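What follows is a short report on a single structure.
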Amino acid sequence: MEDYFTFVHNAYDSYLSTGNDALLQKAAAVTEKNYSRPNVGQKYLYLRVSQKDPFDILYWTPALTCIVNVEDGSYSLSPEIMYTGITNLELRLKAMVLAGDRLSEFGEKPYDYRLELRARYYF
């Protein structure tokens, strides 16, 4: 991953200094074939912990998910809480924090954190 990100950064720097986009096109082709998947690394540590109705608080399920790229040490940490107290409706609030060095998988994502609210209706 480090070699890939270094190549992409160098291609962009070359484009900025010369205006020639040949290396950028090559980087785009490599990205499309190999690196456009959500998790492109090969060795991950995945841990998800959840507890339905903790402390007898009905309809609430907190969870924590951690994905670590073992090869480069970068990681994604996602706390969330889900509410299911309305028939056929599921509400989920989820945060995601990404961390890692500059040339690591999660360190190179276009954002460092994200917050999302999802609603799922069943019929």
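Among the residues of the range 79-113, write down those that are in a strand (DSSP E or B), aromatic (Phe, Trp, Tyr) and more than 29 Å from Asp56 (Cβ to Cβ). Break it down stepwise before answering.
Our first condition is that a residue be in a strand (DSSP E or B); within the range 79-113, this holds for 79-86, 89-99, 113.
With the extra rule that they be aromatic (Phe, Trp, Tyr), the set shrinks to 83, 113.
The answer is Tyr113, and nothing else.
One residue is enough: does the range 78-92 have a residue meeting the conditions within 29 Å of Glu2 (Cα to Cα) and in contact (Cβ under 8 Å) with a residue 24 or more places away in the chain?
Within the range 78-92, the subset within 29 Å of Glu2 (Cα to Cα) is 78-79.
Right, trim to in contact (Cβ under 8 Å) with a residue 24 or more places away in the chain and you get none.
Within the range 78-92, none of the residues are within 29 Å of Glu2 (Cα to Cα) and in contact (Cβ under 8 Å) with a residue 24 or more places away in the chain.
Output the number of residues of the range 59-72 satisfying the condition of being in a loop (DSSP other than H, G, I, E, B) and either β-branched (Val, Ile, Thr) or touching a strand residue (DSSP E or B) at 6+ places or on another chain (Cβ under 7 Å) (or both).
Of the range 59-72, the ones in a loop (DSSP other than H, G, I, E, B) are 59, 70-72.
Pick out the ones that are also either β-branched (Val, Ile, Thr) or touching a strand residue (DSSP E or B) at 6+ places or on another chain (Cβ under 7 Å) (or both) and you get 59, 70.
Counting residues in the range 59-72 that are in a loop (DSSP other than H, G, I, E, B) and either β-branched (Val, Ile, Thr) or touching a strand residue (DSSP E or B) at 6+ places or on another chain (Cβ under 7 Å) (or both) gives 2.
For residues that are free of Cβ contacts under 8 Å to residues at least 60 places away in the same chain, open to solvent by less than 50 Å² (accessible area, probe 1.4 Å) and under 18 Å from Leu47 (Cβ atoms), tally how many sit in the range 95-111.
Adding up the residues that qualify gives 6.
Modelled with pLDDT of 80 or more, in contact with a Lys or Arg (Cβ under 6 Å, 6 or more places away or on another chain), open to solvent by 50 Å² or more (accessible area, probe 1.4 Å) and among the hydrophobic types (A, V, I, L, M, F, W, C), is that true of Val70? It would help to see each step written out before you state the result.
Details: modelled with pLDDT of 80 or more: yes; in contact with a Lys or Arg (Cβ under 6 Å, 6 or more places away or on another chain): yes; open to solvent by 50 Å² or more (accessible area, probe 1.4 Å): yes; among the hydrophobic types (A, V, I, L, M, F, W, C): yes.
Judged against the criteria, Val70 is a match.
Could you grab me the full set of residues in the range 107-123 that are under 17 Å from Thr6 (Cβ atoms) and out of contact with any Phe, Trp or Tyr (no Cβ under 6 Å at 6 or more places or on another chain)? Spell out how you get there, then give the answer.
Of the residues in the range 107-123, the ones under 17 Å from Thr6 (Cβ atoms) are 107-109.
Correct list: Gly107, Lys109.
Checking the conditions here, which among Tyr83, Tyr4, Tyr59, Tyr44 is open to solvent by less than 80 Å² (accessible area, probe 1.4 Å) and within 30 Å of Tyr121 (Cα to Cα)? Outline the logic, then answer.
Values: Tyr4 fails: within 30 Å of Tyr121 (Cα to Cα); Tyr59 fails: open to solvent by less than 80 Å² (accessible area, probe 1.4 Å); Tyr44 fails: within 30 Å of Tyr121 (Cα to Cα).
The match here is Tyr83.
Working only within the range 1-36, note down all residues that are closer than 25 Å to Thr65 by Cβ, among the hydrophobic types (A, V, I, L, M, F, W, C) and at pLDDT below 75.
If the condition is that a residue be closer than 25 Å to Thr65 by Cβ, among the hydrophobic types (A, V, I, L, M, F, W, C) and at pLDDT below 75, then Met1 is the only one that fits.
All but one of (1) at pLDDT below 75; (2) in a helix (DSSP H, G or I) hold for Asn39, so report the exception by its number.
The number of the failed condition is (2).
The values are calculated or read from the model by the stated rules, or taken from the named source; none is laboratory data. Keep in mind that this is a model prediction, so the values were computed, not measured. All Cβ positions, even for glycine, are placed from backbone atoms using ideal geometry, and neighbour counts span all protein chains on display. All accessible areas refer to the heavy atoms of the entire protein, side chains included, with ligands and DNA or RNA removed. Shrake-Rupley method; radii C 1.70, N 1.55, O 1.52, S 1.80 Å.
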